[in-house]
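Reviewing the structure listed below.
The values are calculated or read from the model by the stated rules, or taken from the named source; none is laboratory data. Note that the structure is a prediction, hence the values are computed from the model and not measured. Here the Cβ positions follow ideal geometry from the backbone for every residue, glycine too, while neighbour counts run over all protein chains shown.
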Amino acid sequence: MKFFVDTADTAEIKSLAASGLLDGVTTNPSLIAKSGRKILDVVAEICAMVDGPVSAEVAATDYDGIMREAKVLRAIAPNVAVKVPLTPDGLHACKALSSDGAVVNVTLCFSAAQALLAAKAGASFISPFVGRLDDIGQDGMGLIADIVQIYRNYPALKTEVLVASVRNPIHVIEAAKLGAHVATLPPAVLRQLYQHPLTDKGLAAFLADWAKTGQTIA
Ligand code: E4P
């Protein structure tokens, strides 16, 4: 499973990229607003730090506007993935952009039917939002199971399932068990994946015993 980080905070991205475990980045208009920076500047900086796809979302909602904005975003760096909304105009643009060789991430997916449409439109990634479905009492992970199964039924569909709106490590593990290709994680959730109290306890005991030996290794 690939791990993307869902943030526009470049300091966080730099620190997480140093781990060597980061496969890409996703941003959205809310995350760009939170950064307080201009989208073109922040996406350029992220693209220079991370080799994998960096999703930058269009703000236009009509086909012509999406295509105009996609051209500007694609010019930032070769690893920009154009993020478009799951709307008729968004999928129309997805088809045109993917036919032109762009990497396209279709966002705001909340149903398997929408995911099927996005795949037929040539999306590189479909982003189903599990946390937001859970928030309204629906089964976010059930949607991931449905999409993974549907895409497996049609191997000609090359769209990767990018699990979004992830709120906790259980979402990540469940998505991995289902075979989702990617999870995009808030930095705090990515850091939580490392943690287990028995690891901390075990390490403290090993270090205490080691100190008693008086030895050094290097
Ligand atoms: C995905 O690409 C989105 O940016 C993100 O995962 C949305 O998550 P949220 O529901 O926590 O805002």
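What single numbered condition from (1) surrounded by fewer than 22 Cβ atoms within 10 Å (Cβ to Cβ); (2) modelled with pLDDT of 95 or more fails to hold for Gly20?
Just one mismatch for Gly20, condition (2).
Determine, yes or no, whether Leu91 is touching a Ser or Thr at 6+ places or on another chain (Cβ under 9 Å) and outside any loop (DSSP other than H, G, I, E, B).
It is false that Leu91 is touching a Ser or Thr at 6+ places or on another chain (Cβ under 9 Å) and outside any loop (DSSP other than H, G, I, E, B).
Tell me yes or no: at least one residue of segment 7-14 is closer than 18 Å to Asn105 by Cβ, hydrophobic (A, V, I, L, M, F, W, C), part of a loop (DSSP other than H, G, I, E, B) and within 14 Å of the ligand (Cβ to nearest atom).
yes
Can you tell which of Ala118, Ala96, Ala123 is assigned to a helix (DSSP H, G or I), within 14 Å of the ligand (Cβ to nearest atom), within 29 Å of Pro78 (Cα to Cα) and not polar (S, T, N, Q)?
Ala118
Which of the residues spanning segment 101-115 are at positive phi and either among the aromatic types (Phe, Trp, Tyr) or not in a loop (DSSP other than H, G, I, E, B) (or both)?
Selection gives Leu108 alone.
Among the residues of segment 126-173, how many are within 14 Å of the ligand (Cβ to nearest atom), out of contact with any Gly (no Cβ under 7 Å at 6 or more places or on another chain) and of a type in the set (D, E, K, R)?
Total satisfying the criteria: 3.
Contact list please: Cβ distance under 8 Å, first residue in segment 94-109 and buried (at least 20 other Cβ atoms within 10 Å of the Cβ), second residue in a strand (DSSP E or B) and polar (S, T, N, Q), pairs at least six apart or on different chains.
From segment 94-109, the pairs are Asn105/Thr26; Asn105/Ser55; Asn105/Ser127; Val106/Ser127; Thr107/Ser55; Thr107/Ser127; Cys109/Ser127.
Within segment 174-218, count every residue that is more than 15 Å from the ligand (Cβ to nearest atom), among the β-branched types (Val, Ile, Thr) and either touching a residue at least 60 places away in the same chain (Cβ under 8 Å) or assigned to a strand (DSSP E or B) (or both).
0
What pairs can you find where one residue is in segment 152-173 and more than 15 Å from Pro128 (Cβ to Cβ), the other is within 15 Å of the ligand (Cβ to nearest atom), and their Cβ atoms are less than 6 Å apart, with a gap of 6+ or different chains?
Pro169/Gln192
For segment 56-65, state whether one or more residues are under 23 Å from Leu117 (Cα atoms), away from the ligand (no atom under 15 Å from the Cβ), buried (at least 17 other Cβ atoms within 10 Å of the Cβ) and of a type in the set (A, V, I, L, M, F, W, C).
Yes: segment 56-65 contains one or more residues that are under 23 Å from Leu117 (Cα atoms), away from the ligand (no atom under 15 Å from the Cβ), buried (at least 17 other Cβ atoms within 10 Å of the Cβ) and of a type in the set (A, V, I, L, M, F, W, C).
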